[in-house]
Amino acid sequence: MNIGIVGGGQLGQMLAQAGQKLGHSFKFLVPPGECCVESLGEVIRSDFLDQDALAEFARGVDVFTFEWENVPLATLEALSHFAPMRPSPSCAEVAKDRIQEKKFFEAAGLNVQKFAAVSCQADLAAALEHVGVPAMLKTRGQGYDGKGQQRINELSMAAHAYAQLGNVPCILEAFVPFEFEISLIAVRAKEIAAPMAATLFYPPCHNKHINGILHQTTVPAEGVSPIVLQQTQVALEKMLETMDYEGVLCVEFFVLNTPVGQQLIANEMAPRVHNSGHWSIEGAETSQFTNHIKAITRQQLGSTALRDKSVMINLVGVIPPALNACQSLNEDRSKHIQNVSVHIYGKSPRAGRKLGHITAVGDNAQRLADRAFNGGE
Ligand code: AMP
(Lines give C-alpha, C1' and ligand atoms only; values in the text may rest on other atoms or scores of the structure.)
Protein backbone atom coordinates (compact mmCIF):
# COMPACT_ATOMS: atom_id res chain seq x y z
CA MET A 1 0.00 0.00 0.00
CA ASN A 2 0.99 3.63 -0.38
CA ILE A 3 0.72 5.19 3.09
CA GLY A 4 0.51 8.95 3.67
CA ILE A 5 1.91 10.14 7.01
CA VAL A 6 1.06 13.62 8.27
CA GLY A 7 4.24 14.82 9.99
CA GLY A 8 7.90 14.01 9.44
CA GLY A 9 9.54 13.64 12.85
CA GLN A 10 11.13 10.58 14.42
CA LEU A 11 7.77 8.86 14.88
CA GLY A 12 7.13 9.12 11.14
CA GLN A 13 10.66 7.91 10.51
CA MET A 14 10.25 4.78 12.64
CA LEU A 15 6.76 4.10 11.25
CA ALA A 16 8.11 4.17 7.70
CA GLN A 17 11.14 2.03 8.59
CA ALA A 18 8.76 -0.60 10.01
CA GLY A 19 6.26 -0.25 7.15
CA GLN A 20 8.86 -0.61 4.41
CA LYS A 21 9.76 -4.02 5.85
CA LEU A 22 6.10 -4.99 5.35
CA GLY A 23 6.31 -3.91 1.69
CA HIS A 24 4.58 -0.52 1.96
CA SER A 25 5.72 2.77 0.45
CA PHE A 26 5.40 6.17 2.10
CA LYS A 27 4.60 9.79 1.37
CA PHE A 28 4.86 12.53 4.00
CA LEU A 29 3.24 15.93 4.57
CA VAL A 30 5.62 18.03 6.64
CA PRO A 31 5.60 21.69 7.67
CA PRO A 32 8.47 23.87 6.37
CA GLY A 33 11.72 23.31 8.29
CA GLU A 34 13.76 20.29 9.23
CA CYS A 35 12.32 16.78 8.99
CA CYS A 36 13.84 13.32 9.36
CA VAL A 37 12.01 11.31 6.72
CA GLU A 38 13.65 12.52 3.51
CA SER A 39 15.24 9.19 2.64
CA LEU A 40 12.03 7.25 3.33
CA GLY A 41 9.64 8.48 0.64
CA GLU A 42 8.24 11.51 -1.18
CA VAL A 43 8.05 14.57 1.07
CA ILE A 44 5.48 17.34 0.44
CA ARG A 45 6.59 20.42 2.36
CA SER A 46 3.74 22.75 2.99
CA ASP A 47 1.59 24.63 5.38
CA PHE A 48 -1.02 22.15 6.69
CA LEU A 49 -3.90 24.28 5.38
CA ASP A 50 -2.80 24.68 1.75
CA GLN A 51 -5.53 22.85 -0.20
CA ASP A 52 -3.39 22.38 -3.33
CA ALA A 53 -0.61 20.83 -1.28
CA LEU A 54 -3.12 18.52 0.45
CA ALA A 55 -4.39 17.34 -2.96
CA GLU A 56 -0.81 16.76 -4.13
CA PHE A 57 -0.01 14.84 -0.94
CA ALA A 58 -3.16 12.73 -1.36
CA ARG A 59 -2.35 11.69 -4.93
CA GLY A 60 -1.79 7.90 -5.00
CA VAL A 61 -2.22 7.45 -1.22
CA ASP A 62 -4.31 4.43 -0.11
CA VAL A 63 -4.51 5.22 3.60
CA PHE A 64 -3.43 8.13 5.82
CA THR A 65 -2.21 8.29 9.37
CA PHE A 66 -0.63 11.00 11.52
CA GLU A 67 2.36 11.01 13.82
CA TRP A 68 1.43 14.26 15.55
CA GLU A 69 -2.05 15.14 16.89
CA ASN A 70 -1.58 18.90 16.94
CA VAL A 71 -2.23 19.05 13.19
CA PRO A 72 -5.31 21.22 12.40
CA LEU A 73 -8.45 19.11 12.44
CA ALA A 74 -9.42 20.67 9.09
CA THR A 75 -6.29 19.10 7.53
CA LEU A 76 -7.11 15.60 8.78
CA GLU A 77 -10.73 15.98 7.68
CA ALA A 78 -9.82 17.31 4.23
CA LEU A 79 -7.42 14.41 3.68
CA SER A 80 -10.00 11.85 4.79
CA HIS A 81 -12.09 12.76 1.73
CA PHE A 82 -9.31 11.39 -0.49
CA ALA A 83 -8.60 8.14 1.42
CA PRO A 84 -9.33 6.74 4.91
CA MET A 85 -7.57 8.49 7.81
CA ARG A 86 -6.72 5.95 10.54
CA PRO A 87 -7.24 6.64 13.36
CA SER A 88 -10.12 8.91 12.29
CA PRO A 89 -9.90 12.72 12.68
CA SER A 90 -12.42 12.59 15.56
CA CYS A 91 -9.91 10.51 17.59
CA ALA A 92 -7.32 13.27 17.18
CA GLU A 93 -9.93 15.85 18.16
CA VAL A 94 -10.50 14.25 21.59
CA ALA A 95 -6.80 14.52 22.43
CA LYS A 96 -6.55 18.17 21.38
CA ASP A 97 -8.40 19.47 24.40
CA ARG A 98 -7.50 18.37 27.93
CA ILE A 99 -11.05 18.97 29.24
CA GLN A 100 -12.65 16.87 26.51
CA GLU A 101 -10.02 14.21 27.07
CA LYS A 102 -10.70 14.02 30.83
CA LYS A 103 -14.48 13.76 30.23
CA PHE A 104 -13.83 11.02 27.71
CA PHE A 105 -11.68 9.10 30.21
CA GLU A 106 -14.39 9.43 32.86
CA ALA A 107 -17.08 8.20 30.50
CA ALA A 108 -14.99 5.11 29.72
CA GLY A 109 -14.67 4.33 33.46
CA LEU A 110 -11.06 5.48 33.92
CA ASN A 111 -10.10 7.37 37.09
CA VAL A 112 -9.24 11.05 36.67
CA GLN A 113 -8.13 13.64 39.20
CA LYS A 114 -10.48 16.51 40.14
CA PHE A 115 -10.46 19.15 37.41
CA ALA A 116 -12.19 22.36 36.31
CA ALA A 117 -12.16 24.51 33.19
CA VAL A 118 -10.66 28.01 33.40
CA SER A 119 -11.68 30.25 30.51
CA CYS A 120 -10.83 33.63 32.05
CA GLN A 121 -9.33 35.14 35.24
CA ALA A 122 -12.81 35.27 36.76
CA ASP A 123 -13.11 31.45 36.59
CA LEU A 124 -10.00 30.90 38.68
CA ALA A 125 -11.51 31.32 42.14
CA ALA A 126 -14.35 28.83 41.53
CA ALA A 127 -11.95 26.36 39.90
CA LEU A 128 -9.56 26.57 42.88
CA GLU A 129 -12.49 26.15 45.27
CA HIS A 130 -13.48 22.92 43.48
CA VAL A 131 -10.00 21.46 42.91
CA GLY A 132 -8.05 22.78 45.93
CA VAL A 133 -4.28 23.28 46.16
CA PRO A 134 -1.70 22.16 45.25
CA ALA A 135 -2.94 22.11 41.67
CA MET A 136 -1.62 22.14 38.12
CA LEU A 137 -2.84 24.76 35.68
CA LYS A 138 -2.37 23.62 32.07
CA THR A 139 -3.30 25.04 28.70
CA ARG A 140 -6.22 23.08 27.25
CA GLY A 141 -4.46 22.45 23.95
CA GLN A 142 -1.03 22.31 22.30
CA GLY A 143 0.85 21.24 25.45
CA TYR A 144 3.57 18.58 25.24
CA ASP A 145 6.73 17.53 27.12
CA GLY A 146 5.58 19.45 30.20
CA LYS A 147 5.19 22.72 28.27
CA GLY A 148 2.21 25.00 28.94
CA GLN A 149 1.75 24.21 32.61
CA GLN A 150 2.25 25.86 36.00
CA ARG A 151 2.10 24.37 39.48
CA ILE A 152 -0.02 26.34 41.96
CA ASN A 153 0.98 25.66 45.56
CA GLU A 154 -1.16 28.36 47.16
CA LEU A 155 -4.12 30.45 46.11
CA SER A 156 -2.08 33.66 45.85
CA MET A 157 -0.01 32.15 43.01
CA ALA A 158 -3.00 31.50 40.74
CA ALA A 159 -3.43 34.82 38.91
CA HIS A 160 0.27 35.04 38.09
CA ALA A 161 0.34 31.40 36.90
CA TYR A 162 -2.62 32.03 34.61
CA ALA A 163 -0.96 35.16 33.20
CA GLN A 164 2.25 33.15 32.62
CA LEU A 165 0.23 30.81 30.42
CA GLY A 166 -1.05 33.80 28.44
CA ASN A 167 -4.57 33.89 29.91
CA VAL A 168 -5.61 31.26 27.34
CA PRO A 169 -8.27 28.59 28.02
CA CYS A 170 -6.87 26.24 30.66
CA ILE A 171 -7.66 23.24 32.82
CA LEU A 172 -6.99 23.28 36.56
CA GLU A 173 -6.17 19.79 37.85
CA ALA A 174 -5.59 18.53 41.37
CA PHE A 175 -1.91 17.75 41.94
CA VAL A 176 -1.58 13.95 42.22
CA PRO A 177 1.00 12.76 44.81
CA PHE A 178 1.79 9.74 42.66
CA GLU A 179 4.30 6.94 43.37
CA PHE A 180 5.39 6.68 39.77
CA GLU A 181 4.12 7.15 36.21
CA ILE A 182 3.22 4.49 33.67
CA SER A 183 1.85 4.39 30.17
CA LEU A 184 -0.36 1.76 28.61
CA ILE A 185 0.02 1.27 24.89
CA ALA A 186 -2.86 -0.39 23.07
CA VAL A 187 -3.33 -1.29 19.44
CA ARG A 188 -6.73 -1.93 17.86
CA ALA A 189 -7.28 -3.35 14.39
CA LYS A 190 -10.35 -4.13 12.30
CA GLU A 191 -8.63 -6.93 10.44
CA ILE A 192 -10.03 -7.64 6.97
CA ALA A 193 -10.09 -11.40 7.60
CA ALA A 194 -11.60 -11.29 11.12
CA PRO A 195 -15.25 -10.77 12.11
CA MET A 196 -14.44 -8.60 15.14
CA ALA A 197 -11.89 -5.91 15.93
CA ALA A 198 -8.85 -7.03 17.92
CA THR A 199 -7.31 -5.00 20.76
CA LEU A 200 -3.90 -5.90 22.19
CA PHE A 201 -1.91 -4.26 25.00
CA TYR A 202 1.82 -3.95 25.47
CA PRO A 203 3.05 -4.57 29.03
CA PRO A 204 2.85 -1.45 31.24
CA CYS A 205 5.77 0.96 30.78
CA HIS A 206 7.32 2.76 33.78
CA ASN A 207 8.29 6.29 32.70
CA LYS A 208 10.68 8.74 34.36
CA HIS A 209 10.76 12.37 33.22
CA ILE A 210 13.43 15.04 33.58
CA ASN A 211 12.24 18.65 33.19
CA GLY A 212 8.92 17.35 31.85
CA ILE A 213 10.61 15.35 29.06
CA LEU A 214 10.58 11.55 29.05
CA HIS A 215 14.04 10.36 30.13
CA GLN A 216 13.68 6.62 30.65
CA THR A 217 11.12 3.87 30.10
CA THR A 218 11.44 0.50 31.86
CA VAL A 219 9.31 -2.47 30.82
CA PRO A 220 7.59 -4.22 32.45
CA ALA A 221 6.68 -1.62 35.07
CA GLU A 222 6.94 -3.21 38.49
CA GLY A 223 4.53 -2.55 41.36
CA VAL A 224 1.34 -2.28 39.30
CA SER A 225 -1.53 -4.27 40.81
CA PRO A 226 -2.56 -6.97 38.28
CA ILE A 227 -6.25 -6.50 39.14
CA VAL A 228 -6.11 -2.73 38.77
CA LEU A 229 -4.22 -3.13 35.50
CA GLN A 230 -6.81 -5.54 34.18
CA GLN A 231 -9.72 -3.23 35.14
CA THR A 232 -7.97 -0.32 33.48
CA GLN A 233 -7.38 -2.30 30.30
CA VAL A 234 -11.07 -3.23 30.17
CA ALA A 235 -12.00 0.47 30.39
CA LEU A 236 -9.42 1.35 27.75
CA GLU A 237 -10.72 -1.30 25.40
CA LYS A 238 -14.21 0.16 25.81
CA MET A 239 -12.83 3.62 25.07
CA LEU A 240 -11.17 2.37 21.88
CA GLU A 241 -14.42 0.72 20.80
CA THR A 242 -16.36 3.93 21.40
CA MET A 243 -13.91 5.77 19.18
CA ASP A 244 -13.92 2.90 16.64
CA TYR A 245 -10.19 3.37 16.88
CA GLU A 246 -7.69 1.91 14.40
CA GLY A 247 -3.99 1.96 15.26
CA VAL A 248 -1.82 2.49 18.33
CA LEU A 249 -2.98 4.68 21.23
CA CYS A 250 -1.07 5.50 24.40
CA VAL A 251 -2.54 6.65 27.73
CA GLU A 252 -0.30 7.99 30.49
CA PHE A 253 -1.27 7.28 34.09
CA PHE A 254 -0.22 8.32 37.58
CA VAL A 255 0.08 5.34 39.94
CA LEU A 256 -1.38 6.38 43.27
CA ASN A 257 -1.33 4.12 46.33
CA THR A 258 -4.22 5.00 48.65
CA PRO A 259 -5.36 3.42 51.94
CA VAL A 260 -8.09 1.64 49.97
CA GLY A 261 -5.74 0.30 47.31
CA GLN A 262 -3.94 1.33 44.18
CA GLN A 263 -5.47 3.67 41.62
CA LEU A 264 -4.36 4.43 38.08
CA ILE A 265 -5.26 8.06 37.32
CA ALA A 266 -5.47 8.77 33.59
CA ASN A 267 -3.47 11.91 32.79
CA GLU A 268 -3.42 12.21 29.01
CA MET A 269 -3.55 10.26 25.81
CA ALA A 270 -1.74 10.27 22.50
CA PRO A 271 -3.72 8.93 19.51
CA ARG A 272 -0.53 7.65 17.86
CA VAL A 273 2.67 5.74 18.46
CA HIS A 274 4.41 7.07 21.55
CA ASN A 275 7.92 7.71 22.89
CA SER A 276 7.30 5.33 25.81
CA GLY A 277 6.85 2.51 23.24
CA HIS A 278 10.19 2.87 21.46
CA TRP A 279 11.64 -0.03 23.46
CA SER A 280 9.23 -2.33 21.57
CA ILE A 281 11.45 -2.25 18.44
CA GLU A 282 13.86 -4.60 20.19
CA GLY A 283 11.98 -5.58 23.35
CA ALA A 284 8.64 -6.85 22.02
CA GLU A 285 7.73 -9.60 19.57
CA THR A 286 6.18 -6.92 17.34
CA SER A 287 7.00 -3.22 17.69
CA GLN A 288 4.39 -0.49 18.19
CA PHE A 289 5.41 0.86 14.77
CA THR A 290 4.87 -2.44 12.94
CA ASN A 291 1.55 -2.98 14.71
CA HIS A 292 0.35 0.54 13.93
CA ILE A 293 1.05 -0.06 10.23
CA LYS A 294 -0.64 -3.47 10.41
CA ALA A 295 -3.69 -1.89 12.09
CA ILE A 296 -4.13 0.97 9.60
CA THR A 297 -3.76 -1.44 6.66
CA ARG A 298 -6.22 -3.80 8.41
CA GLN A 299 -3.80 -6.71 8.63
CA GLN A 300 -3.55 -9.21 11.47
CA LEU A 301 -1.69 -7.75 14.45
CA GLY A 302 1.57 -9.26 15.69
CA SER A 303 2.13 -10.38 19.29
CA THR A 304 2.74 -7.57 21.79
CA ALA A 305 4.49 -9.96 24.20
CA LEU A 306 7.69 -8.84 25.86
CA ARG A 307 10.87 -10.57 24.66
CA ASP A 308 12.75 -9.62 27.82
CA LYS A 309 13.05 -6.79 30.34
CA SER A 310 13.75 -3.58 28.39
CA VAL A 311 15.15 -0.16 29.24
CA MET A 312 14.92 2.77 26.81
CA ILE A 313 16.75 6.06 27.44
CA ASN A 314 16.13 9.18 25.33
CA LEU A 315 19.05 11.18 23.95
CA VAL A 316 17.88 14.75 24.54
CA GLY A 317 19.76 17.88 23.43
CA VAL A 318 23.13 16.18 22.79
CA ILE A 319 24.35 12.74 21.75
CA PRO A 320 26.55 11.52 24.65
CA PRO A 321 30.23 11.32 23.55
CA ALA A 322 30.24 7.59 24.36
CA LEU A 323 27.80 7.13 21.48
CA ASN A 324 29.70 9.20 18.92
CA ALA A 325 30.80 5.95 17.31
CA CYS A 326 27.24 5.80 15.95
CA GLN A 327 27.85 8.34 13.23
CA SER A 328 27.77 5.62 10.56
CA LEU A 329 24.32 4.12 10.81
CA ASN A 330 22.57 1.52 8.67
CA GLU A 331 19.44 2.38 6.68
CA ASP A 332 17.34 2.08 9.86
CA ARG A 333 19.44 4.86 11.45
CA SER A 334 20.27 2.38 14.21
CA LYS A 335 23.32 0.48 15.36
CA HIS A 336 24.13 -2.13 17.99
CA ILE A 337 27.06 -1.08 20.17
CA GLN A 338 28.04 -1.97 23.73
CA ASN A 339 25.08 -4.41 23.76
CA VAL A 340 22.51 -1.65 23.30
CA SER A 341 20.59 -0.57 20.19
CA VAL A 342 21.30 3.05 19.37
CA HIS A 343 18.80 5.00 17.24
CA ILE A 344 19.84 8.43 15.98
CA TYR A 345 17.10 10.40 14.20
CA GLY A 346 19.36 12.73 12.19
CA LYS A 347 18.03 16.01 13.68
CA SER A 348 20.26 18.99 14.43
CA PRO A 349 21.05 19.26 18.16
CA ARG A 350 19.09 21.78 20.21
CA ALA A 351 18.42 21.99 23.94
CA GLY A 352 15.44 19.85 24.91
CA ARG A 353 15.21 18.21 21.49
CA LYS A 354 14.86 14.41 21.21
CA LEU A 355 17.79 13.40 18.98
CA GLY A 356 17.68 9.64 19.43
CA HIS A 357 17.26 6.86 21.95
CA ILE A 358 18.97 3.70 23.16
CA THR A 359 17.37 0.43 24.18
CA ALA A 360 18.87 -2.42 26.17
CA VAL A 361 17.10 -5.77 26.51
CA GLY A 362 17.72 -8.53 29.04
CA ASP A 363 18.15 -9.11 32.77
CA ASN A 364 20.94 -6.53 32.96
CA ALA A 365 19.16 -3.98 30.73
CA GLN A 366 19.46 -1.13 33.23
CA ARG A 367 23.21 -1.61 33.69
CA LEU A 368 23.82 -1.83 29.95
CA ALA A 369 21.70 1.23 29.20
CA ASP A 370 23.38 3.28 31.96
CA ARG A 371 26.84 2.25 30.78
CA ALA A 372 26.15 3.21 27.16
CA PHE A 373 24.47 6.49 28.20
CA ASN A 374 27.13 7.54 30.70
CA GLY A 375 30.14 6.29 28.76
CA GLY A 376 31.84 3.42 30.54
CA GLU A 377 31.53 1.66 33.90
P1 AMP B 1 1.66 16.36 31.06
O2 AMP B 1 2.03 17.40 30.07
O3 AMP B 1 0.25 16.42 31.49
O4 AMP B 1 2.05 14.97 30.59
O5 AMP B 1 2.56 16.63 32.35
C6 AMP B 1 3.97 16.49 32.34
C7 AMP B 1 4.45 15.94 33.66
O8 AMP B 1 4.09 16.84 34.73
C9 AMP B 1 3.80 14.63 34.06
O10 AMP B 1 4.48 13.53 33.46
C11 AMP B 1 3.93 14.65 35.57
O12 AMP B 1 5.23 14.28 35.97
C13 AMP B 1 3.71 16.12 35.91
N14 AMP B 1 2.27 16.37 36.16
C15 AMP B 1 1.35 16.77 35.26
N16 AMP B 1 0.13 16.88 35.81
C17 AMP B 1 0.26 16.53 37.11
C18 AMP B 1 -0.66 16.43 38.21
N19 AMP B 1 -1.96 16.73 38.07
N20 AMP B 1 -0.16 16.01 39.39
C21 AMP B 1 1.14 15.72 39.55
N22 AMP B 1 2.06 15.80 38.55
C23 AMP B 1 1.63 16.20 37.35
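The values are calculated or read from the model by the stated rules, or taken from the named source; none is laboratory data. Since we're looking at a predicted model, the values are computed, not measured. For neighbour counting, all protein chains shown are included, and Cβ atoms are generated from backbone atoms with ideal geometry for every residue, glycine included. Ligands, DNA and RNA are stripped out before the accessible areas are found, and what is left, the full protein with its side chains, is counted by its heavy atoms. Shrake-Rupley method; radii C 1.70, N 1.55, O 1.52, S 1.80 Å.
Taking the Cα centre of the chain as origin and assigning +1 to Lys and Arg Cβ atoms and -1 to Asp and Glu Cβ atoms, the resulting dipole is close to 400 debye. Note on the chain: GNM, Cα springs under 10 Å; of V187, V168, V118, the largest mean-square fluctuation is that of V168.
What's the magnitude of the charge dipole for the range 180-373 around its Cα centre, counting Lys and Arg as +1 and Asp and Glu as -1 at the beta-carbon? Answer in Debye, nearest 20. Dipole size: approximately 560 debye. Bridgeable aspartates and glutamates around K96 (alpha carbons under 17 Å apart, same-chain partners fewer than 8 residues away excluded): E67, E69, E77, E106, D145, E173, E252, E268.
Largest accessible area first, the listed residues R188, R45 line up as R45, R188 when surface is computed with a 1.4 Å probe on the assembled protein chains.
Computed over the range 144-275, the P(r) tail beyond 22 angstrom holds 47 percent of alpha carbon pairs.
Taking the empirical scaling 2.2 N^0.38 Å for compact globular proteins as reference, the chain has a Cα radius of gyration ratio of 0.98.
Highest mobility in the GNM of the chain, judged by mean-square fluctuation with C-alpha springs under 10 Å and restricted to A284, A55, A305, is found for A55. Ordering I3, P220, A116 by the projection of their Cα atoms onto the charge dipole of the chain, which places +1 on the Cβ of Lys and Arg and -1 on the Cβ of Asp and Glu, puts P220 at the extreme positive end. Taking 15 Å as the straight-line reach from the Cα of K309, the aspartates and glutamates in range (excluding those fewer than 8 positions away in the same chain) are E222, E282, E285, D363, D370.
What a 1.4 Å probe finds exposed on the chain is 51% carbon and sulfur by accessible area, rounded to a whole percent. Here each label is just a point 7 Å from Cα along the line to Cβ, and for K147 and V228 those points are 3.2 nm apart. For the chain, the solvent-accessible area of protein heavy atoms averages 42 Å² per residue (probe radius 1.4 Å; ligands and nucleic acids excluded). When the chain is treated as a Gaussian network with alpha carbon springs shorter than 10 Å, the biggest mean-square fluctuation among A58, A107, A18 belongs to A107. Once you reduce the range 1-32 and the range 53-79 to the center of their Cα atoms, the two points are 12 Å from each other.
Ordering of 264-273, 154-163, 64-73, 173-182 by packing is 264-273, 64-73, 173-182, 154-163, highest average first (other Cβ atoms within 10 Å, averaged per residue). Residue separation of D308 and F175 scaled by 0.36 nm, minus their Cα-Cα distance, works out to 44.5 nm of gained length. On the beta carbon distance between A163 and K208, with R0 = 41 Å, the FRET formula returns roughly 0.85.
For the range 114-174, a simple Cβ point-charge model (Lys and Arg +1, Asp and Glu -1, everything else neutral) yields a dipole of about 140 debye relative to the Cα centre.
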